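S.K.: The structure's right below; bear with me while I get my questions together.
The values are calculated or read from the model by the stated rules, or taken from the named source; none is laboratory data. Computed from a prediction, not measured in an experiment: that's the story for all the values here. Backbone-built Cβ (ideal geometry, glycine too); neighbour counts: all protein chains shown. Protein only, heavy atoms only, side chains kept; ligands, DNA and RNA dropped before computing areas. Shrake-Rupley method; radii C 1.70, N 1.55, O 1.52, S 1.80 Å.
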Amino acid sequence: MILRDEVNKVGGFKNLDFLAKQVVEGFISGKHKSPFHGFSAEFAEHKIYNPGESTRHIDWKLFAKTDKLYTKRYDDETNLRCHIIIDNSSSMHFPELKTQSIDRLNKIGFTALASASLMHMFKKQRDAVGLSIYSNTYNFYAQEKGSERHHNMLLNKLDDLLTTVPKKQQTDTYKYLHLIAEKIHRRSLIFVFTDLFQTTASEEELFEALRHLKHNKHEVVLFHVTDKTKELDFDFSNTPKRYVDLETGEEIDLYADQIKETYQETIKNYFNNFKLKCGQNKIKYVLADVNQNFDNILATYLVERQKIK
């Protein structure tokens, strides 16, 4: 539980569910539609109805036009279990914004809208979804379900992420990934949203936890959420600024150009090595830049879904 004096209240999205539907509809109607016609919102083709088959998928509108019975054949009606894991530490609320919009998101805003969009896809695919949220504590857990009531409850939890900003809140990602791994028993497709910034755990401890998530033959996707322009490229004007660590409160005054080259090299090596280790451990690594759209997130789901059928 986050104490009241440890948070700031800010504005979130006016309608997260509506925005998520827009994101998904734009994705499906765009260039990605044809490779993924297995997406159950659209049927693949018609076939002639054979006596004795279920009448569930008969296209009655087509029958009225042709006087012949056809059924809609779907490429994939397999129900899966999916679980979304969200890092809600203070660094995930960078950059600090008073309001969120689809054109201007911080890391937690991007994560919330990406998660809501995935949930909309899960709903159309009849996949069950669960949610875990952690920071310096294990804030929230819901097991995988597919009901409308469950879907709305998870949307409300995502909304809460946008309106409550934790102050100086660190996290031990590896610790909570271990706890979450123990809760997910049936084979699932697991999505982890985190910026990978930690102040305590080592890289090896984090990978040990990610490997734990893969037990029971789970498929794991790591979405590395970042503001690429600021956090990877360190694109700041060369004027004196005070840089503040959102999780520890530590401050440093400097000109950006004093450390830019060294910073870029260090951060590039760190995350390239992390990406390499993900590949070695059969964990899907996806860079999720808050300045880009959500096509890569949704396409990743459809591709990874095929591995777990």
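S.K.: Do any strands (runs of 3 or more DSSP E) lying entirely in segment 102-176 carry at least 1 residues that are surrounded by 22 or more Cβ atoms within 10 Å (Cβ to Cβ) and in contact with a Phe, Trp or Tyr (Cβ under 9 Å, 6 or more places away or on another chain), and which ones are they?
M.R.: Ranges flagged: 128-134.
S.K.: Between a first residue in segment 141-170 that is farther than 21 Å from residue 109 by Cβ and basic (Lys, Arg) and a second residue that is at pLDDT 90 or above and open to solvent by less than 50 Å² (accessible area, probe 1.4 Å), which pairs have beta carbons less than 8 Å apart while being 6 or more apart in sequence or on different chains?
M.R.: Filtered contacts from segment 141-170: 145/128; 145/129; 145/130.
S.K.: So which residues in segment 282-292 are touching a Ser or Thr at 6+ places or on another chain (Cβ under 8 Å) and open to solvent by less than 30 Å² (accessible area, probe 1.4 Å), if there are any at all?
M.R.: Result: 286, 288, 289, 290.
S.K.: Going through 265, 182 one at a time, which residue ends up being assigned to a helix (DSSP H, G or I) and more than 30 Å from residue 306 (Cα to Cα)?
M.R.: Result of the check over 265, 182: 265.
S.K.: If residue 238 satisfies every condition in (1) free of Cβ contacts under 8 Å to residues at least 40 places away in the same chain; (2) open to solvent by less than 70 Å² (accessible area, probe 1.4 Å); (3) not in a strand (DSSP E or B) but one, which is the exception?
M.R.: If we test residue 238 against (1) free of Cβ contacts under 8 Å to residues at least 40 places away in the same chain; (2) open to solvent by less than 70 Å² (accessible area, probe 1.4 Å); (3) not in a strand (DSSP E or B), just (2) comes out false.
S.K.: Within segment 268-281, can you find the residues that are open to solvent by less than 50 Å² (accessible area, probe 1.4 Å) and either at pLDDT below 90 or outside any helix (DSSP H, G or I) (or both)?
M.R.: Passing the criteria: 271, 274, 281.
S.K.: Quickly run through segment 60-93 and pick out the residues that are modelled with pLDDT of 80 or more, part of a loop (DSSP other than H, G, I, E, B) and open to solvent by less than 50 Å² (accessible area, probe 1.4 Å).
M.R.: 80, 88, 89
S.K.: Only residues that are over 30 Å from the mean Cα position of the chain (by Cα) and among the polar types (S, T, N, Q): list them for segment 231-285, please.
M.R.: 237, 238, 239, 258, 262
S.K.: Can you report the number of residues in segment 193-228 which are open to solvent by less than 10 Å² (accessible area, probe 1.4 Å) and not hydrophobic (A, V, I, L, M, F, W, C)?
M.R.: 6
S.K.: Would you point out the residue of segment 128-140, among those that are in contact (Cβ under 8 Å) with a residue 60 or more places away in the chain and touching a strand residue (DSSP E or B) at 6+ places or on another chain (Cβ under 9 Å), that is nearest to residue 89 (Cα to Cα)?
M.R.: The selected residue is 135.
S.K.: Only one of these conditions is not met by residue 257: (1) under 23 Å from residue 174 (Cα atoms); (2) in contact (Cβ under 8 Å) with a residue 12 or more places away in the chain; (3) open to solvent by 80 Å² or more (accessible area, probe 1.4 Å); (4) not aromatic (Phe, Trp, Tyr). Which number is it?
M.R.: (1)
S.K.: So which residues in segment 194-234 are at pLDDT below 90 and either of a type in the set (Lys, Arg) or in a loop (DSSP other than H, G, I, E, B) (or both)?
M.R.: 196, 197, 198, 199, 200, 201, 202, 211, 214, 217
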